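Written out below as structure tokens is the structure these notes cover.
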Amino acid sequence: MQGKISTVLLLLCCVVVASCKKDNTYRAAVPEDTYAGTVYEYLQSQPGNFKNVLLMLEKGGLATVLKKDTVTVFAPTDQSLNAALEAYNVYLKTLSSPPVTLNDIDSSTWRCVLANYLFKGNWEMESFAGQDGRTLTSMGLRAMDIRLVQRPAAGAAGLGSEVVRLSSMNGSRFIKYWLSTFATTSDIHATNGMVYILESKHVVGFNTFVTKAAAYQNLYSEEKTFADGAVTLGNGVVNLWNFYPKKLKAIDANTVETEAANKLADDYRMLLTIHADNKITVSSAPGSANATIKNNGLCLFDPIGQTYTLNYSYKDSNDKDCTVTEVIRYIAIREQ
């Protein structure tokens, strides 16, 4: 009898120890699956969630990537797409403009918005473990922070499951300025990559869809960037500017138009054409009050930092050279 009691107590102790031991195998808490088809075919197999998303990926010219390239997609649902459209129609109403449909929005908008949910390579969930996760540049050329975080269980902080958080870094290194959403399903292994499904309450485009839908876009265009620069005038005087706001307006697939130096009041406008090697050609924009704007040294675009390093010049009214050095950065929030 005493031996039986000892055996029972030993078994109970084992159960207690096992239940108290912290489980760090987060992958077991998140759905994981294998799909015998491409990333595109997986999304296509769930028309209730991704029918319109796939149509807009097609319209934006991104569907081929999901079919043929090795790619990781953080897939928003049709519900997230409709939320973005609703926000845009609310904006149009303030302009007394009629509402639009998803298909009314230009293909360039869909390309630059949805490309920020696509990443080259095969990124499994464990790739985002660790305190700082991982910062990846999306196929839309924006810095995105991806990391495993713990979502607290109701009334039990620290006991929730770990999920993948996708954050648009919003041009900032500070988390408080980031815009985030979570994957409700992770680590779906397709034949050419990985699929993560985002929560349905996410709004496609984070906070950029309304401005992106309002005009033609390319991967380089932004409603607001900030510039630091200096111009040495023909008389030797140096003028400086810091955190000077500039809009980068899309002209074609690889060209944006913006203000030259800090001369918007004088209608000095220039074109920045970004080439495949990330070198930039600077030229005067059509109709610019100054038609002499041109490269004056190496000009480069950094796709990781979303930074334009420029060296250019123009002639003043006395036909003297004015030389400009300038750095334009995508910084959505002016950080103090």
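The values are calculated or read from the model by the stated rules, or taken from the named source; none is laboratory data. Since we're looking at a predicted model, the values are computed, not measured. Because the Cβ atoms are built from the backbone with ideal geometry, glycine has one as well, and the counts that use them run over all protein chains shown.
Assorted remarks:
- Only one of the numbered conditions (1) in contact with a strand residue (DSSP E or B) (Cβ under 6 Å, 6 or more places away or on another chain); (2) modelled with pLDDT of 95 or more; (3) hydroxyl-bearing (Ser, Thr, Tyr) is not met by Tyr330, and that is (2).
- Residue list for region 78-122, filter: among the hydroxyl-bearing types (Ser, Thr, Tyr), buried (at least 21 other Cβ atoms within 10 Å of the Cβ) and over 11 Å from Val204 (Cβ atoms): Ser108
- Only one of the numbered conditions (1) of a type in the set (Asp, Glu); (2) at pLDDT 95 or above; (3) on the phi < 0 side of the Ramachandran plot is not met by Asp302, and that is (2).
- Selection status of Phe243, of a type outside the set (A, V, I, L, M), at positive phi and not in a loop (DSSP other than H, G, I, E, B): yes
- Some residue of region 193-213 being assigned by TED's automatic domain parsing to the domain that holds Ala36, among the aromatic types (Phe, Trp, Tyr) and in contact with a helix residue (DSSP H, G or I) (Cβ under 7 Å, 6 or more places away or on another chain): yes
- Extreme residue, farthest from the chain's Cα centre (by Cα), among residues of region 234-267 that are of a type in the set (Val, Ile, Thr) and exposed (fewer than 11 other Cβ atoms within 10 Å of the Cβ): Val237
- When region 223-240 is limited to residues that are among the hydrophobic types (A, V, I, L, M, F, W, C) and not in a strand (DSSP E or B), the one that is farthest from Gln306 (Cα to Cα) turns out to be Val237.
- Candidates Ala285, Ala230, Ala265, Ala291, filtered to the one that is of a type in the set (A, V, I, L, M, F, W, C) and within 30 Å of Met139 (Cα to Cα): Ala285
- Conditions (1) in contact with a Cys (Cβ under 8 Å, 6 or more places away or on another chain); (2) touching a residue at least 24 places away in the same chain (Cβ under 8 Å); number of the one not met by Ile293: (1)
- Among the residues of region 63-73, those that are surrounded by fewer than 24 Cβ atoms within 10 Å (Cβ to Cβ) and among the hydrophobic types (A, V, I, L, M, F, W, C) comprise Ala63, Val65.
- Taking the numbered list (1) within 16 Å of Ala75 (Cβ to Cβ); (2) modelled with pLDDT under 95 in turn, Leu159 passes all entries but (1).
- Test result for Thr208, modelled with pLDDT under 95 and touching a Lys or Arg at 6+ places or on another chain (Cβ under 6 Å): no
- Of the numbered criteria (1) at pLDDT below 95; (2) over 19 Å from Trp178 (Cα atoms), the one Gln131 fails is (2).
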